[in-house]
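Peer 1: Quick one: structure below, then a few questions.
The values are calculated or read from the model by the stated rules, or taken from the named source; none is laboratory data. Every value quoted in this text rests on a predicted model; they were computed, and no experiment measured them. Here the Cβ positions follow ideal geometry from the backbone for every residue, glycine too, while neighbour counts run over all protein chains shown.
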Amino acid sequence: MSDAKATPGPTQGAMIELQAVHKWYGDFHVLRDINLQVQKGEKVVVCGPSGSGKSTMIRCVNRLEEHQQGRIVVAGIELNADMKNIEAIRREVGMVFQQFNLFPHLTVLQNLTLAPIWVRKLPKKEAEETARYYLERVRIPDQADKYPGQLSGGQQQRVAIARSLCMKPEIMLFDEPTSALAPEMIKEVLDVMIGLAEDGMTMVCVTHEMGFARTVADMMVFMDRGEVIERAPPKDFFANPKNERTRTFLSQILTH
Amino acid sequence: MADIAQDIPVVRQAPPPRSTRALGWLRVHLFSSVFNSILTLLAVGLLAAAVPPLVRWALIDAIWSAPNGQACHAGGACWAFIGEKMRFILFGRYPADQEWRPIAVVAIFIAMIAAACVRPLWGRRLAVVWFAGLSAAFLLMAGGLPGLRPVETGLWSGLPLTLILAVIAMLFGFPLGVLLALGRRSRLPAVRGICVGYIELVRGVPLITVLFMASLMLPLFLPAGVTIDKVLRAQVAFILFAAAYLAEVVRGGLQAIPKGQIEAADALGLSYLQRTRLIVLPQALAMVIPPLVNTFIGMFKDTSLVLIVSLFDLLGATEFALTDSNWQGFAVEADVFIAAIYWSFCFFMSRYSQLLEREFNRGKQR
Amino acid sequence: MASDEAALTLAPARPAPWRDPKLRAIAYQIVFVAAVVGAVGFLVHNMLGNISRQNIATGFGFLRKEAAFGIGESLIPYSPADTYGRAFLVGLSNTLYVAALGIVLATILGTVMGLARLSGNWLVAKLAQIYVETFRNIPLLLQLFFWWGLLNTAAPAPRQAWQVLPDVFVSNRGIAYPVPVASPAYKWMALAVVVALALLVPLRRWAAARQAATGRQFPRGWAGLGIVLGLPLIVFVAFGAPFALSVPSLHGFNFSGGSAVSPEFAALLLGLVIYSGTFIAEIVRAGILAVSWGQSEAAMALGLKSGQRMRLVVLPQALRVIVPPLTSQYLSLTKNSSLAVAIGFPDLVSIANTTMNQTGQAIEGIAMIMAVYLFISLSISLAMNLYNRAVALVER
């Protein structure tokens, strides 16, 4: 850990720093020269058409995908092939998936305490107290002993958020958290995310929920064909997009 | 909704009258078309030709007691032979005065298998019960405690031997199979290659060659002066054989785990071992319980092959019983008798596995 | 920032070697391979020591020595004066013969029984179910003993042989049945069948092209059947319809005329077919059930007739489900044919077993059996994979 901390990010205070990141799937260039900085407490919303590489980008942040060129520094830790650094980063970064990915063979409470017990090595009792606290926070304290299969999609996604929070992460990544949800359940998940934002969590969200973006985001990032096309505070981004592709995308997504 | 329905007067209309129940059933199920009617008549003809002679042979003309084989040839089945040889068929060459021991062992095994079928018992308690049961069974068979005469494995035979070979093959083959399956799914090419090679080699050759190998070649593989007992050799062959088949069953479960589960475990920071033990295996193994039961049924039937390397399992003891010069020519009766024993075990277990499968599928649909 | 520019284009920095997953992977593999090689080496070392200590002969030289044992039945000429190598070939040909015949018959029996279990006819479905559940829950070896016992000890001597079908006799000498007397016409008829089958390909293509161009359909099935049956029939008539049956009849203590199979062969084939048939029946049934009812409903809603529905919609999908498990059934039938050794049919394993007993060279004998079965297994899987791919393509 000490030698990892010895190479701090170039910009002090940045929680996530991507510099000239490239990635290929075979010959297909999925990420081209991505540069992105997320400061502590900053909320970044990433949008773009499907296949634009936005999911791949945030999956590179906690090494679910490997970048082939460039530099990624997360919470002051350089992300390279060093297993210790990867482990350290994954402890600091929570992730919420489109398909929830709750563990179906474990109860809600066990889902929440699994990583704190095995990764953070907390005593079971302490892990459970934390878990109940976060279940309260996501407003489903009474579902602790149910299995994921017994919950609605919205409840499952809130459990998934709580599961990440139980690791007390510095950063939360959201990969289209509401795309797999029925319309009436989207709000309950977004409300939890807004609450989280109000508490000052550093967040990177890939989402098409533009209402959410307007209220929460400090910075909007628009990606297309593996490139960051435009970045701007939401006010400017929505009122006055500079790039033609951004305009087209926004007109398509906002008209219906 | 319900209230509205009550308010509107409904003219109740009865369905058109059906033909009498039995006739209707016959028409629908047996004579729905010309082709079906022909099939039905053929089937009835077949039954009429086969069933009466069978009944006559098995029951009406059968002889239930006879002093020796000569007195037992009368056109019908000679069940007296079974009565005469029952003890030998079931327990083989195990010392006759110690007969209660194999009986107790069979009872223990049946109780353990039954316990394993009760789902609320699944878990640590079942493991304890099985460990205790197996230890007790082994002590009973082998003896050596005060009051229990030692009995060498060469005398273990009949149904207890069949049960021991099948159950131990599964118990020891299973962890090996899980490791092989994980190895086959490994990212490391050398590990994957060796595991694939082992699995395909063992699954590509008949069980009988594995048995030959164990009985003829295993002694050659051991350092000079080390000998290995015949039953143990066969047991090793079954374990190695079962491991390869179980590996493929487990692999099926591993492949069915959605990729998201592994990603979620990675994102939480679990290591490969933690991920495998806490997330992947519990789900994968639960999914493959029905095919595991089927593999066990297969192993149970396959233990009959030990007769080829001169062990006296249920089938081996029966074939030996048939060599008695006083009782010649009752192979069919003897085979029918032990077929009934094998069948009851296998049929019960396969029904159980179908039941589990249905329950699991229902769980999935929810 | 500018000073970093140069570093940015570089690949990410490499970590310390013991924390680099790639190096670790290599290390794990080296350890694993070393452990396996070490274990195998230990066993081989012991084996070599034991071989030299016990003066066991090694090498495949014995294959050229005289076998000096008789073989009951053989597809190729063989006498005890022949070599062990030739005896092996006899065993191999017997294994392949019984396996091939078994695969064909078991497929027919299994398909019929699988369809019967799905039949709307209650009696037929129940009988098929009883067949499946009875025979698949009894060990194959026991079934082989049963059929062999039935044929060998329970069946009467040829004089009192059971006549199960006209001119088909079952006795303790085996099953005797009539065959047509050989005639040159038959060779040409066989050729005609091959030619007819070959003609089906252009016919299908022509019919498909015509349908694509004009929309007119051609009764491919009936026309194909007509060609396959008709062409040999023309040859048959052209040769003056030479048809004479050689019927088995009792001469002294055995049958002469016709053809006969030994009780061992009959028991083995019967056992293999009946046992494997139960599994194939279940595979066929599951395959057809796997095609959801919605597919049939959609086909009906489009107005396809029941034959078209089966051929165009249900079967292509069912086959994709059926073929992989069917392959493994064929493989296990082939492997199960090795149980012949228990009832004395001279298959590969049985002859290898005799050879090993006579020469004491167990290692070579087992290695040869394993090589042969591995080769058969891999060939069948390869053939089935090719077929599977073809089916998958047809579906798309």
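Peer 1: Got a sec? Which of A:LYS121, A:LYS168, A:LYS84 is surrounded by fewer than 17 Cβ atoms within 10 Å (Cβ to Cβ) and within 15 Å of the chain's Cα centre (by Cα)?
Peer 2: From the options A:LYS121, A:LYS168, A:LYS84, the qualifying one is A:LYS168.
Peer 1: Taking the condition of being of a type outside the set (S, T, N, Q) and either more than 14 Å from every other protein chain (Cβ to nearest Cβ) or surrounded by fewer than 20 Cβ atoms within 10 Å (Cβ to Cβ) (or both), how many residues in region A:93-104 meet it?
Peer 2: The qualifying residues number 1.
Peer 1: Sticking with this one: Consider region C:114-139. How many of its residues are more than 7 Å from chain B (Cβ to nearest Cβ) and either hydrophobic (A, V, I, L, M, F, W, C) or at positive phi (or both)?
Peer 2: Residues meeting the conditions: 8.
Peer 1: Between a residue in region C:238-259 that is under 16 Å from C:ASN172 (Cβ atoms) and any residue that is assigned to a strand (DSSP E or B) and among the hydroxyl-bearing types (Ser, Thr, Tyr), which pairs come within a Cβ distance under 9 Å, given they are 6 or more apart or on different chains?
Peer 2: Listed by first residue and then by second, the contacts come to C:PRO248/C:TYR177; C:PRO248/C:SER256; C:PRO248/C:SER259; C:LEU250/C:SER256; C:ASN254/C:SER171; C:PHE255/C:SER171; C:PHE255/C:SER249.
Rundown of residues vs (1) modelled with pLDDT of 95 or more; (2) part of a helix (DSSP H, G or I); (3) in contact with a strand residue (DSSP E or B) (Cβ under 8 Å, 6 or more places away or on another chain), yes/no style:
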position	(1), (2), (3)
A:VAL204	yes, no, yes
A:HIS208	no, no, yes
A:GLY211	no, yes, no
A:THR215	no, yes, no
A:GLU230	no, no, yes
A:PHE237	no, yes, yes
A:PRO241	no, no, yes
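Peer 1: Name the residues in region A:117-143 that are more than 9 Å from every other protein chain (Cβ to nearest Cβ), under 26 Å from B:LEU273 (Cα atoms) and not acidic (Asp, Glu), would you?
Peer 2: Answer for region A:117-143, where residues must be more than 9 Å from every other protein chain (Cβ to nearest Cβ), under 26 Å from B:LEU273 (Cα atoms) and not acidic (Asp, Glu): A:ILE117, A:LYS121, A:LEU122, A:PRO123, A:LYS124, A:LYS125, A:ALA127, A:THR130, A:ALA131.
Peer 1: May I pose another question? Quick check on this structure: which one of C:THR278, C:THR334, C:THR354, C:THR359 is crowded, with 18+ Cβ neighbours inside 10 Å, out of contact with any strand residue (DSSP E or B) (no Cβ under 9 Å at 6 or more places or on another chain) and either farther than 30 Å from C:PHE146 by Cα or at pLDDT below 90 (or both)? Reasoning before the result, please.
Peer 2: On the way: C:THR278 fails: either farther than 30 Å from C:PHE146 by Cα or at pLDDT below 90 (or both); C:THR334 fails: either farther than 30 Å from C:PHE146 by Cα or at pLDDT below 90 (or both); C:THR354 fails: either farther than 30 Å from C:PHE146 by Cα or at pLDDT below 90 (or both).
From the options C:THR278, C:THR334, C:THR354, C:THR359, the qualifying one is C:THR359.
Peer 1: Follow-up question, since we're still on this one. Filter the helices (runs of 4 or more DSSP H) completely within region B:25-125 down to those with at least 1 residues that are within 14 Å of chain C (Cβ to nearest Cβ).
Peer 2: The qualifying helices (runs of 4 or more DSSP H) are B:34-55, B:79-91.
Peer 1: Can you name every residue in region C:45-91 that is within 14 Å of chain B (Cβ to nearest Cβ) and part of a loop (DSSP other than H, G, I, E, B)? Can you show your working first?
Peer 2: Applying the first criterion (within 14 Å of chain B (Cβ to nearest Cβ)) to region C:45-91 yields C:45-58, C:91.
Of everything in region C:45-91, those that are within 14 Å of chain B (Cβ to nearest Cβ) and part of a loop (DSSP other than H, G, I, E, B) turn out to be C:ASN55, C:ILE56, C:ALA57, C:THR58.
Peer 1: Being surrounded by 17 or more Cβ atoms within 10 Å (Cβ to Cβ), in contact with an Asp or Glu (Cβ under 8 Å, 6 or more places away or on another chain) and closer than 30 Å to B:SER33 by Cβ is true for just one of C:VAL132, C:VAL98. Which residue is that?
Peer 2: On inspection, the qualifying residue turns out to be C:VAL132.
Peer 1: Can you list the helices (runs of 4 or more DSSP H) lying wholly within region A:32-148 that have 3 or more residues being of a type in the set (Val, Ile, Thr) and under 25 Å from A:VAL206 (Cβ atoms)?
Peer 2: Here the list reads A:54-61.
Peer 1: Sort through C:VAL164, C:VAL112, C:VAL170 and tell me the only one that's in a helix (DSSP H, G or I) and either among the aliphatic types (A, V, I, L, M) or in contact (Cβ under 8 Å) with a residue 24 or more places away in the chain (or both).
Peer 2: On inspection, the qualifying residue turns out to be C:VAL112.
Peer 1: Among the residues in region B:165-172, are any buried (at least 16 other Cβ atoms within 10 Å of the Cβ) and within 14 Å of chain C (Cβ to nearest Cβ)? Spell out how you get there, then give the answer.
Peer 2: Taking region B:165-172 and keeping what is buried (at least 16 other Cβ atoms within 10 Å of the Cβ), we get B:165-170, B:172.
In the following step, the residues that additionally are within 14 Å of chain C (Cβ to nearest Cβ) were identified as B:165-166.
Yes: one or more hits.
Peer 1: If you go through region B:173-191, how many residues are away from chain C (no Cβ under 14 Å) and crowded, with 21+ Cβ neighbours inside 10 Å?
Peer 2: So the count comes out to 5.
A quick yes/no check of all residues on (1) among the aromatic types (Phe, Trp, Tyr); (2) in contact (Cβ under 8 Å) with a residue 12 or more places away in the chain:
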| position | (1), (2) |
| --- | --- |
| B:LEU46 | no, no |
| B:VAL55 | no, no |
| B:TRP64 | yes, yes |
| B:PRO67 | no, no |
| B:ALA80 | no, yes |
| B:LYS85 | no, yes |
| B:ILE103 | no, yes |
| B:VAL106 | no, yes |
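Peer 1: Give region A:94-152 a look and list any residue that's without any contact (Cβ under 8 Å) to a residue 24 or more places away in the chain and aromatic (Phe, Trp, Tyr), or say none.
Peer 2: A:TRP118, A:TYR133 - these are the residues of region A:94-152 that are without any contact (Cβ under 8 Å) to a residue 24 or more places away in the chain and aromatic (Phe, Trp, Tyr).
Yes/no matrix, rows are residues, columns are (1) hydrophobic (A, V, I, L, M, F, W, C); (2) modelled with pLDDT under 95:
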site: B:LEU211; (1), (2): yes, yes
site: B:SER215; (1), (2): no, yes
site: B:PRO219; (1), (2): no, yes
site: B:THR227; (1), (2): no, yes
site: B:PHE238; (1), (2): yes, no
site: B:GLY252; (1), (2): no, yes
site: B:ILE289; (1), (2): yes, yes
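Peer 1: Being assigned to a helix (DSSP H, G or I), touching a helix residue (DSSP H, G or I) at 6+ places or on another chain (Cβ under 6 Å) and closer than 21 Å to A:ALA14 by Cα: is that true of A:ALA162 here?
Peer 2: Against the criterion (assigned to a helix (DSSP H, G or I), touching a helix residue (DSSP H, G or I) at 6+ places or on another chain (Cβ under 6 Å) and closer than 21 Å to A:ALA14 by Cα), A:ALA162 does not qualify.
Peer 1: Taking C:THR359 and the conditions (1) in contact (Cβ under 8 Å) with a residue 24 or more places away in the chain; (2) out of contact with any Phe, Trp or Tyr (no Cβ under 7 Å at 6 or more places or on another chain), which numbered condition does it fall short on, given that it satisfies the others?
Peer 2: (2)
Peer 1: Which residue pairs have Cβ atoms closer than 9 Å, lie 6 or more positions apart in sequence or on different chains, and pair a first residue in region A:178-203 that is at positive phi with a second residue that is surrounded by 14 or more Cβ atoms within 10 Å (Cβ to Cβ)?
Peer 2: Listed pairs, sorted by first residue: A:GLY200/A:LYS40; A:GLY200/A:GLY41.
Peer 1: A follow-up question, please. Test B:VAL210 against the stated conditions and say whether it is in contact (Cβ under 8 Å) with a residue 40 or more places away in the chain and within 13 Å of chain C (Cβ to nearest Cβ).
Peer 2: For B:VAL210, the condition - in contact (Cβ under 8 Å) with a residue 40 or more places away in the chain and within 13 Å of chain C (Cβ to nearest Cβ) - is not met.
Peer 1: I need the full set of residues from region B:320-338 which are in contact with a helix residue (DSSP H, G or I) (Cβ under 6 Å, 6 or more places away or on another chain) and either β-branched (Val, Ile, Thr) or at the interface with another protein chain (Cβ under 9 Å from one of its Cβ atoms) (or both), in order please.
Peer 2: Residues satisfying the conditions are B:LEU322, B:GLY329, B:PHE330, B:ALA331, B:VAL332, B:ALA334, B:ASP335, B:ILE338.
Peer 1: Then there's this: I want to confirm something. Restricting to region A:57-85 and keeping residues that are in contact with a strand residue (DSSP E or B) (Cβ under 9 Å, 6 or more places away or on another chain) and of a type in the set (Val, Ile, Thr), which single residue is farthest from the other protein chains (Cβ to nearest Cβ)?
Peer 2: Once the filter is applied, the top-ranked residue is A:VAL74.
Peer 1: Go through region A:223-239 and count every residue that is surrounded by fewer than 18 Cβ atoms within 10 Å (Cβ to Cβ), under 13 Å from A:VAL30 (Cβ atoms) and among the small types (Gly, Ala, Ser).
Peer 2: Result for region A:223-239: 0.
Peer 1: So B:ARG21 fits all but one of (1) modelled with pLDDT of 85 or more; (2) more than 30 Å from C:ALA155 (Cβ to Cβ); (3) more than 14 Å from every other protein chain (Cβ to nearest Cβ); what number is the exception?
Peer 2: Only one criterion in (1) modelled with pLDDT of 85 or more; (2) more than 30 Å from C:ALA155 (Cβ to Cβ); (3) more than 14 Å from every other protein chain (Cβ to nearest Cβ) is unmet by B:ARG21, namely (1).
Peer 1: Based on this model, can you work out whether B:ILE257 counts as surrounded by fewer than 18 Cβ atoms within 10 Å (Cβ to Cβ) and either within 29 Å of B:SER353 (Cα to Cα) or more than 9 Å from every other protein chain (Cβ to nearest Cβ) (or both)?
Peer 2: yes
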